[in-house]
Amino acid sequence: MPKVCLGIESTAHTFGVGLVSSSGEILFNSSDTYRPKKGSGIIPNEAREHHQQVSPGLIGSALELCGKPDLISYSKGPGMGPMLHVGMNCAKALAKNLDIPLVGVNHCIAHVEIGALSTGAKNPITLYVSGGNTQVLALTEGRYRVFGETLDIAIGNAMDVLARNLGMNGAPDIEGAALKGAKLLELPYTVKGMDLSFSGIVTHCSRLANKENVEDICYSFQEYCFAMLTEVTERAVAHVGRDEVLLTGGVARNKRLSEMLRIMCEERGAKFFAVPKELAGDNGAMIAWLGLLMQDQALKNPEDATVGQRFRTDEVDVTWKK
Ligand code: FE2
């Protein structure tokens, strides 16, 4: 009999609940996302209240479907404290009330593992891009090592901030406007070793708002930022000697980023995988799947559950992959 894990995601603006079986079947994956007022970023207390309001309904729907799950997992971090606590408290209450083991998992690794499950990638260099994180990862010596990352803001956050500065709503508007752009403006290209920086490019692009077409600004922004991401990913592929690249996280939905990585992979003879769009953003299924992979590390006492706002990808022993 396959086991079923109920996973709870609550690191940022999305509260998500997923049910996944130990054979890798996603039985349920539903979420509700807090939307800040136009022109504003996430206000943590508002997001916490949102999560508190939507959590009973989402968890109730999952339980209706599966009855009593075999395992509960939750996003332990990294993320924003007020929202992380909502998810952890829901998970703790379920584990105690139903007397089920509880495991806290790393959100970034959950993005990697749901990407591997859904695409069949075996041992890739992973580019994980979202509103909160930008990392180039590979499994070496039992841990997901960070080969490159942003030194300031994540690419998804950079896209959101630029969109707002240009009078649009968010990252998807940048992609839409970029499709209509044609003129490549000269922007800063900020790769430092294997690390990246996006905040200077956002400032530069925002200052061009009254001088250039919005479409050309968005087009140039994507071309520069995605070239930087592709360059660092390519160098990781070369250094570590892998023949697979996996793109995961919310920004994996961007078609131009996928296209650039695909071309790079074709030129290197590597296979390219992108997580499907329905599993790209934050979701409960990825937390449930990683919970199953980590069930040996479940807590003996749910009261020992903690959150880690700066929980790093390379802190976790990857015991489930040889
Ligand atoms: Fe995420």
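Rule-based calculations on the coordinates, nothing more; no lab input. Keep in mind that this is a model prediction, so the values were computed, not measured. Heads up, the Cβs are rebuilt from the backbone with ideal geometry, glycines too, and the neighbour counts pull from every protein chain shown.
Given Cβ point charges of +1 (Lys, Arg) and -1 (Asp, Glu) and nothing else, what value in debye, to the nearest 20, does the dipole of segment 1-129 about its Cα centre take?
I would put it at about 240 debye.
Pick from V136, V103, V191: which residue has the top mean-square fluctuation in a GNM of the chain where Cα pairs under 10 Å get a spring?
Of V136, V103, V191, the Gaussian network model singles out V191 as fluctuating most.
Viscosity 1.002 mPa s, temperature 20 °C: what is the translational diffusion coefficient of segment 104-221 from Stokes-Einstein with a Kirkwood Rh over Cα pairs, rounded to a whole number of µm²/s?
Rounded, D is 137 µm²/s.
Are any of the pairs K192/K255; K122/K321; K211/K255; K37/K76; K68/K96 more than 19 Å apart by Cα-Cα distance, and if so, which?
As for pairs spanning more than 19 Å Cα to Cα, those are K192/K255; K211/K255; K37/K76.
Per residue of segment 67-76, what does 6.51 cos²θ - 1.76 cosθ + 1.60 with θ = phi - 60° give for ³J(HN,Hα)? Whole Hz please, x for Gly and Pro, Karplus curve as stated.
So the Karplus estimates, Gly and Pro as x, are x, 8, x, 8, 7, 10, 10, 9, 6, 7 Hz.
For helix 284-293, report the angle its Cα long axis makes with the longest principal axis of the Cα atoms of the chain; keep it between 0 and 90° and round to the nearest 10°.
60
Filter the trypsin sites (Lys or Arg not before Pro) in segment 35-122 to those in DSSP coil with at most 15 other Cβ atoms within 10 Å of their Cβ, and list the result.
Working: sites: K37, K38, R48, K76, K92, K96, K122; in loops: K37, K38, K122.
When the trypsin sites (Lys or Arg not before Pro) of segment 35-122 are filtered for loop state and at most 15 Cβ neighbours within 10 Å, K37, K38, K122 remain.
Set the Förster distance to 45 Å, then compute FRET efficiency between L184 and D314 from the Cβ-Cβ distance, nearest 0.05.
Computed FRET efficiency for L184 and D314 comes out at 0.80.
In Å and from the alpha-carbon atoms only, list the Rg and Dmax of the chain.
Answer for the chain, Rg first and Dmax second: 19.5, 63 Å.
Segment 198-269: which trypsin sites (Lys or Arg not before Pro) are DSSP loop and have at most 13 other beta-carbon atoms within 10 angstrom?
Sites meeting the loop and neighbour criteria: K211.
Summing Lys, Arg as +1 and Asp, Glu as -1, what charge do residues with Cβ under 13 Å from the Cβ of D304 carry, D304 excluded?
Here the charged neighbours net out to +3.
For segment 1-135, give me the percentage of DSSP beta bridges that are antiparallel, rounded to the nearest 5 percent.
60
So, R0 is 22 Å and r is the distance between the beta-carbons of E266 and A227; what FRET efficiency does that work out to, to 0.05?
It comes to 0.85.
Nearest 0.05, what FRET efficiency do N210 and M1 give at R0 = 45 Å with Cβ-Cβ as r?
E between N210 and M1, to the nearest 0.05, is 0.10.
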